[in-house]
Amino acid sequence: MSLRIGVDVGGTNTDAAVLDGSRVVASTKSPTTPDVTSGILAALTEVLREVDAPDVSSVFIGTTHFINAIAQARGLEPVAFVRLATPPQSMFPHNGWPEHLRSVVGEHIFVCAGGSQFDGRLLSDLDEPGLRAIAAQIRSAGLRRVALSSVFSSVNPEPEDRAAVILAEELPDATITKSADVGRVGLLERENATILNAALLGLAENVVDGLEKVVAGVGIAAPVLLSQNDGTVMSLDRARAYPIFTIASGPTNSMRGAALLTGLQDGVVVDVGGTTSDIGLLQNGFPRESTVAMSLAGVRSNFRIPDVFSLALGGGTIVSDGGAVVGPESVGYRITEEALVFGGSTVTFTDVAVAAGAPEVGEAARAAGIDSATIEQALAVVRDRLVHAVERTKLSEDAVPVIVVGGGAPLLKAVPGLEDLVIPDQAGVANAVGAAFAEAGGEVDRTYSLATRTRAEVLAEAEEEACRLAVEAGADPDLVRVIDVEDVPLTHLPGGGAVHVRIKAVGPFTATKSELEGALA
């Protein structure tokens, strides 16, 4: 068994690709279905016409189940939130949440004495009797999902760990999500991410079970893994516990696919879809991660997520006012009904590009009536917008490769002034290629006190832990490598100062199905 299948679910299409090493041996696009799972089944069925199921060693899936659930406030469960701090508290994570999300998750908020200071010293002893009393209230309310947060748990997770043990004793039927396992430095943002993750757990169980059945139903007995936001993969058991780590896997998969298809490890990636283009920076073959809190469906969070922004430009973007206005409106998934080249009456970017000489889509003759002035003006708008987006994404003034992928990638061949773009073969299924190309990874993101240790000792410890976590996630221990190191001195803090360290390690995924059962659950 040497073949890997990657599946990526987009808003319009569900793409699948089969890789033999780094070579794409089969690929397909299938319409994304409302239940998502049916579209995945159709895509898998199609690529298995080209290869034999017993030859498949692993299946990697990037799914939109969870981001859709958050955006639509659908399939979420109410959550009990417990903060370990110094009572009383005046600011809680639900502040600023959209009302439709807050009403579903509920405002079951509890504060218990505990937590740590910035250097890991205890803020106060954990109030164990008080915590057990809180557990009784949660049990009385019939809540099954608990989000647990401790002040500075990213520095010292022990208060959270102890509190989780107590809550599990008192609430044996509940699931406990600890904030130190989900988010980064930043109390409110870390708590928001933890609450969203807890609210998704019921849906995660159903989704994972469904994906297992779909893969088994097409005759594949290989391990199934889900794509994570950072370009690595997680076992299904871990996905059941941390679905929040999968919500931004789509843009990440496209960027990883761009790296494999071009052989380039650094550059700007533009993923052109039907409605938008996602743009991000590729570093060492992985997307650059956001270092600031981001808004997720109106909720500020700070877990691992790629630093990608969306430009209102895609194949279905509507062109009007003689080409002077390009978007932001789009016909979206209705492009095969409304665009000129498909017999519709709406002028889209696809029509303009095809009329200007891009590879033919639909019936090119139907776009022949667009006047040359409109074409020239629209393409100039597109060029200026893309150039600005690329410059915004770069970290320096130096020239970098610009890789274009996605179903709409060939359309940019018609834009004058963008001749240096790199558009690889199989660009249309780069997201599925990236999913199949995923590696296992581990990350440490923590603040360390330097009162008794040197910076070099702290970095060595963090690197060793990141590599260990990558191996536990299924990476080949002989090929694990560190791809990103950040350390920020916090010299203004008393007690000898501190340093905030983030280290990421990755390696080729090699775990067998039996090994996966013990990997990071």
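Quick look at the numbers
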| read-out | value |
| --- | --- |
| Exposure of residue 91 as accessible area (Å², to 10), given a probe of 1.4 Å and all protein chains | 100 Å² |
| Orientation-averaged projected area, Cα convex hull of segment 364-412 (nm²) | 4.5 nm² |
| For segment 121-136, 3J(HN,Hα) per residue [Karplus equation, 6.51 cos²θ - 1.76 cosθ + 1.60, θ = phi - 60°, Hz, x = Gly/Pro] | 5, 5, 6, 6, 5, 5, 7, 5, x, x, 5, 5, 5, 5, 4, 5 |
| Lysines whose Cα lies under 25 Å from that of residue 504, excluding same-chain neighbours fewer than 8 positions away | 178, 394, 513 |
| Three-way shape call for segment 260-310 based on the alpha-carbon gyration tensor, with the a/c threshold at 1.5 | oblate |
| Under-5 Å amide H pairs with residue 329, H placed in peptide plane, nonlocal only | 318 |
| Cβ-Cβ FRET estimate between residue 107 and residue 453, R0 fixed at 30 Å, reported to 0.05 | 0.15 |
| Extended-chain gain in nm, criterion 0.36 nm per residue less alpha-carbon gap, residue 387 and residue 162 | 75.8 nm |
| Note, ³J(HN,Hα) from phi for segment 222-227, Karplus 6.51, -1.76, 1.60, rounded to Hz, x at Gly and Pro | 7, x, 10, 10, 10, 6 |
| Cβ-based net charge around residue 20, under 10 Å, with every Lys or Arg adding one and every Asp or Glu removing one | +1 |
| Calculated FRET efficiency for the pair residue 35/residue 476, C-beta based, R₀ 35 Å, to 0.05 | 0.50 |
| Accessible area per residue in Å² at 1.4 Å probe, computed on segment 186-337 | 30 Å² |
| Heavy atoms of residue 286: accessible area, 1.4 Å probe, square angstrom to 10 | 0 Å² |
| Sequence-distant residues sharing a close amide H with residue 309 (under 5 Å, placed H) | 279 |
| Alpha carbon centroid spacing (whole Å) that separates segment 1-39 from segment 158-227 | 25 Å |
| Amide H within-cut-off set for residue 14, under 5 Å, with H built and near neighbours excluded | 30, 32 |
| Solvent-accessible surface (1.4 angstrom probe) belonging to residue 413, in square angstrom, nearest 10 | 130 Å² |
| Rounded percent of accessible protein surface that carbon and sulfur make up, the chain, 1.4 Å probe | 51 percent |
| The chain, helix-only ellipticity at 222 nm - DSSP H runs n ≥ 4, -39,500 (n - 2.57), divided by all residues, nearest 500 | -9500 deg cm²/dmol |
| Label point distance in nm, residue 464-residue 20, each placed 7 Å from Cα along Cα→Cβ | 4.3 nm |
| Trypsin sites (Lys or Arg not before Pro) within segment 437-487, DSSP loop, no more than 15 other Cβ atoms inside 10 Å | 453 |
| Label-point gap, in nm, between residue 218 and residue 2 - each point 7 angstrom along Cα→Cβ | 2.2 nm |
| Two-site label geometry, residue 360 and residue 95: point separation in nm, points 7 Å out along Cα→Cβ | 6.2 nm |
| Net lengthening on full extension, residue 321/residue 394 (0.36 nm per residue, minus Cα-Cα) | 23.1 nm |
| Shape call, segment 308-388: gyration tensor on alpha carbons, a/c limit 1.5 | oblate |
| Cα gyration tensor, the chain - rounded (a/c under 1.5), prolate or oblate | prolate |
| Positive-end residue of 41, 131, 415, charge dipole of the chain with Cβ unit charges | 131 |
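The values are calculated or read from the model by the stated rules, or taken from the named source; none is laboratory data. In this text, all values refer to a predicted model and were calculated from it rather than measured experimentally. Quick reminder, even Gly has a Cβ in these numbers, built from the backbone with ideal geometry, and neighbours come from all protein chains shown. Surface accessibility is based on the protein's heavy atoms, side chains included, excluding ligands, DNA and RNA. Shrake-Rupley method; radii C 1.70, N 1.55, O 1.52, S 1.80 Å.
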